[in-house]
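**Student:** Supplied in structure tokens, the structure appears directly below.
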Amino acid sequence: MGMKYERDSKEHKDNLARRIGSRLKELRKSIGLSLKQLTEETKLSTPLFSRIENGLVMPSIPTLQKISDILKVDIGYFFKEEEERGYVVSYQGARKVVYSERASKGKISYEIELLADGFDNPFMEPVIVTLVGAEDEVDIITHGGQEFLYVLQGKMELTLGMNKFRLKKGDSVYFNGSIPHKGISLSKKLARTLNIHVIPGRRIGTFQTNN
């Protein structure tokens, strides 16, 4: 019984090492980061990294945490048993909708339709926003990363810092999330926008590749 436990334990460890290595390699390549670049970032040797990616070595928790910090993912990403599909299909009429409320009064400011809900380790968050709140029901906000906004329907007023812009269908703007901002609808039919939030630390093109 003791020998069987040891065999099962070794098999589990080997399977976990292969899973971690496979996920590490897949994530590194999806970012466009070469093995050499990642080893330079983590200060680990290339042979060791290669063995980890090929499932031949089980990395220590501190080593895996260092890798997670560089790649901007939660360390738990490497331990998930289910395989990632690498895609999410979002069907109209079946998407999750959430609401952004004004903290002080509980008034709904925005109706937000999630376009990529459930995708693991996203680089960006695309949503369709309906500008529900009136001028006095919408707070100025800031956030990390950057944001792209494209007007799909109606007319709106976008506040960016001290400036206000009137936008109509077909207009767009790209801005840093650190700029205080808010949007309100100006048309009888509520304005709707496509917003893409680029997540801090996960921007495509952050790393230069030699490949």
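Read the figures in this text as sums done on the coordinates, not as results from a lab. Everything quoted here is computed from the prediction, not taken from an experiment. No Cβ is skipped: glycine too gets one built from the backbone with ideal geometry, and neighbour counts run over all protein chains shown.
**Student:** Within the range 2-79, what is the number of lysine pairs with alpha carbons under 29 Å apart, leaving out pairs fewer than eight places apart on the same chain?
**Tutor:** Lysine pairs satisfying the spacing and distance rule in the range 2-79 number 22.
**Student:** So between T142 and E40, what do we pick up on full extension, going 0.36 nm a residue minus the alpha carbon distance?
**Tutor:** Details: separation 102, 0.36 × 102 = 36.72 nm, distance 3.36 nm.
In short, 33.4 nm is gained.
**Student:** Sort 74-80, 190-196 by packing, meaning the average of other beta carbons within 10 Å per residue, with the highest value first. Write out the running numbers ahead of the final one.
**Tutor:** Numbers: 74-80: 13.0, 190-196: 19.1.
Listed from highest to lowest mean packing, they are 190-196, 74-80.
**Student:** When the expected Rg is taken as 2.2 N^0.38 Å, what fraction or multiple of it is the alpha-carbon Rg of the range 97-198? Walk me through the numbers before you get to the answer.
**Tutor:** Values: Rg = 12.9 Å, N = 102, 2.2 N^0.38 = 12.8 Å.
Dividing the Cα radius of gyration by 2.2 N^0.38 Å gives 1.01.
**Student:** By a straight-distance test (C-alpha under 21 Å), which lysines pair with K169 as possible cross-link partners, with residues fewer than eight away in the same chain excluded?
**Tutor:** K155, K182, K188, K189
**Student:** Run the numbers for E157 and K13: contour at 0.36 nm per residue of separation, minus the present Cα-Cα distance, in nm. Before the final figure, lay out each step's value.
**Tutor:** Values: separation 144, 0.36 × 144 = 51.84 nm, distance 5.64 nm.
Result for the pair: 46.2 nm of gain on full extension.
**Student:** Can you tell me how much longer the chain between V97 and I196 gets when fully stretched, taken as 0.36 nm per residue apart minus their C-alpha distance, in nm with one decimal?
**Tutor:** On the way: separation 99, 0.36 × 99 = 35.64 nm, distance 1.56 nm.
Length difference between fully extended and current span is 34.1 nm.
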